[in-house]
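What follows is a set of notes on a single structure, which appears directly below.
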Amino acid sequence: MMPILLAGLAIAGVGVLRLVQAERHQRQRNILATTQMDQEWRRHLESDPELLKLWAPEGDDAMGLGQYARVLSANQLVCALAARYKVGLLDAATLRVQAHWLMSRSIGRDYWDECRALRDAEALDRFDRRFNRILNDEFVPRSKADTIA
């Protein structure tokens, strides 16, 4: 009786693990598919000056179209890094290297200065918050270095 019970528990355990793994993989596929759709939309927007003008921030958030195009370009890279990190294709150490590279460029620093509050507000989970924290860690030292120099 006991071996049958143990075998049943083992089978149930394997089944539960398989369901958890399948759910995780589906979540990863959804993240990558959504990121791809967002990237395609941004490319479409960047390629059409009229659309770019329609979607550019207005009012207090207004910026020139050139600056808005720079923000969109940097956003493409940041979103790609975020998706790779969230699905496990980048670990924290590798993300830190990528963030360091991004923040070594004015386009990356300008983007993060402009958009980090929005990214913080949009953070859904611990991965998003950790991602933002890593980018922030790399942004702050470079920003201070820029003002000192």
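Worth a mention:
- Condition broken by A117, with the remaining ones in (1) free of Cβ contacts under 8 Å to residues at least 24 places away in the same chain; (2) over 27 Å from R133 (Cβ atoms); (3) under 19 Å from the mean Cα position of the chain (by Cα) satisfied: (2)
- Any chance R42 is of a type in the set (D, E, K, R), closer than 26 Å to N136 by Cβ and modelled with pLDDT under 90: yes
The values are calculated or read from the model by the stated rules, or taken from the named source; none is laboratory data. Since we're looking at a predicted model, the values are computed, not measured. Note: ideal-geometry Cβ built from the backbone for every residue, glycine included; neighbour counts use all protein chains shown.
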